[in-house]
1. In debye to the nearest 20, how big a dipole does the stretch 8-112 give about its Cα centre with +1 on each Lys and Arg Cβ and -1 on each Asp and Glu Cβ?
2. Compute and list, largest first, the equivalent-ellipsoid semi-axes of the stretch 177-235 from the alpha carbon gyration tensor, each √(5λ) rounded to a whole angstrom.
3. Starting with the highest mean, order 242-250, 208-216 by the number of other Cβ atoms within 10 Å, averaged over the residues of each peptide.
4. In nm, to one decimal, how far is the modelled label at Lys95 from the one at Glu5, with both set 7 Å along Cα→Cβ?
5. Which order do Phe82, Phe30 take by accessible area at a 1.4 Å probe, largest first?
6. If packing is taken as the average number of other Cβ atoms within 10 Å across a peptide's residues, how do 160-169, 101-110 rank, most packed first?
7. Could you sort 46-53, 183-190 so that the peptide with the highest average Cβ count within 10 Å comes first and the rest follow in order?
8. Based on a Kirkwood Rh over C-alpha pairs, give the Stokes-Einstein translational diffusion coefficient of the stretch 143-257 at 37 °C and viscosity 0.692 mPa s in µm²/s.
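The values are calculated or read from the model by the stated rules, or taken from the named source; none is laboratory data. Source: prediction; values computed, not measured. For neighbour counting, all protein chains shown are included, and Cβ atoms are generated from backbone atoms with ideal geometry for every residue, glycine included. Areas reflect the complete protein model, heavy atoms only, side chains present, ligands, DNA and RNA absent. Shrake-Rupley method; radii C 1.70, N 1.55, O 1.52, S 1.80 Å.
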Amino acid sequence: MKTSEQFKDWVFRYQYIYNSRKSDHKKERFIHALLKDIVAFRTDVTVVESTQAPITRDLYIGDVKKAKRIICTYYDTPMEAFGAYTFFDTKKQAKKTLAYLYGTSLLLFVLGVCLTLTYIRFAPHAFDFSSPITWLSVLGFGLYFLGLRHVTKGSPVRKNLIRNTSSILAILEMSRQQEVDTAYMLIDRGCYGLENLNEHKRINPNAQWIYLDSIGAHAPLHRVDKQEKTGKTTYIFAAQQKNQHYYLSKKQLKERYLNMENLTQVFKWCL
């Protein structure tokens, strides 16, 4: 695959500017930027917003109801978790995420206790606004509660070029081909599991469904067909393999550069 200046620009912007896609506000910024990029070369793009909580916003490119092939991925940012990212094991991944959440919350609780004891030990008996210790304490507790609020809501992964910006970039590039029989989907809340994918497959159960995940990793590329209740899905992803388990280590997930050979192969498989 030859990397054009346009593609390099997309890599920079979606890796560094629109990389956070967890909150509603950040998702709206991402979708607005993506729409602006897509309408530059095609107009058959639609944003579908759910009517029930939690509110989701999915992006369709092409005619998803008539397409013979639908290539899709998720665009929301996963939360930080301990250990490697495990493919196809949602429960195990959820446990890792909860362990990270509880672990960091406990660490912050201990830090809060230490801050309180330090204040009691060194602060003056009266609350003196002229004392530097008082202002340092106010600053310390302010930063503490901001950090606690951030951690308890879940920390989005900051370095997410691999998971899953790489798959978004691949779909963005492939959608420029404008093949009549091919449509594309970017699914919200996809990092929580495959339930949303199965719901979307009901829109066009007769199509060939291809699901991309972390394809830009510096790891072997896999193509796995799975027969599910909603029909067959072809999963394409980059991962290490141990027995029948697929995973990406923390180091691989935090890579700052795409594996362009993988993206080239994905284009050959999909188009």
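1. Values: 18 positive and 11 negative charges, 53 e Å.
Its charge dipole is roughly 260 debye.
2. On the way: eigenvalues 71, 49, 33 Å².
The answer is 19, 16, 13 Å, longest axis first.
3. Values: 242-250: 14.0, 208-216: 23.3.
Top to bottom by mean Cβ count within 10 Å: 208-216, 242-250.
4. 5.2
5. Working: Phe82 100, Phe30 0 Å².
Heavy-atom accessible area, descending, gives Phe82, Phe30.
6. Working: 160-169: 24.8, 101-110: 13.2.
Those peptides, ordered most packed to least, come out 160-169, 101-110.
7. Details: 46-53: 10.1, 183-190: 23.5.
Packing order, densest peptide first, comes out as 183-190, 46-53.
8. Values: Rh = 16.2 Å.
Taking Rh from Cα pairs, D becomes 203 µm²/s.
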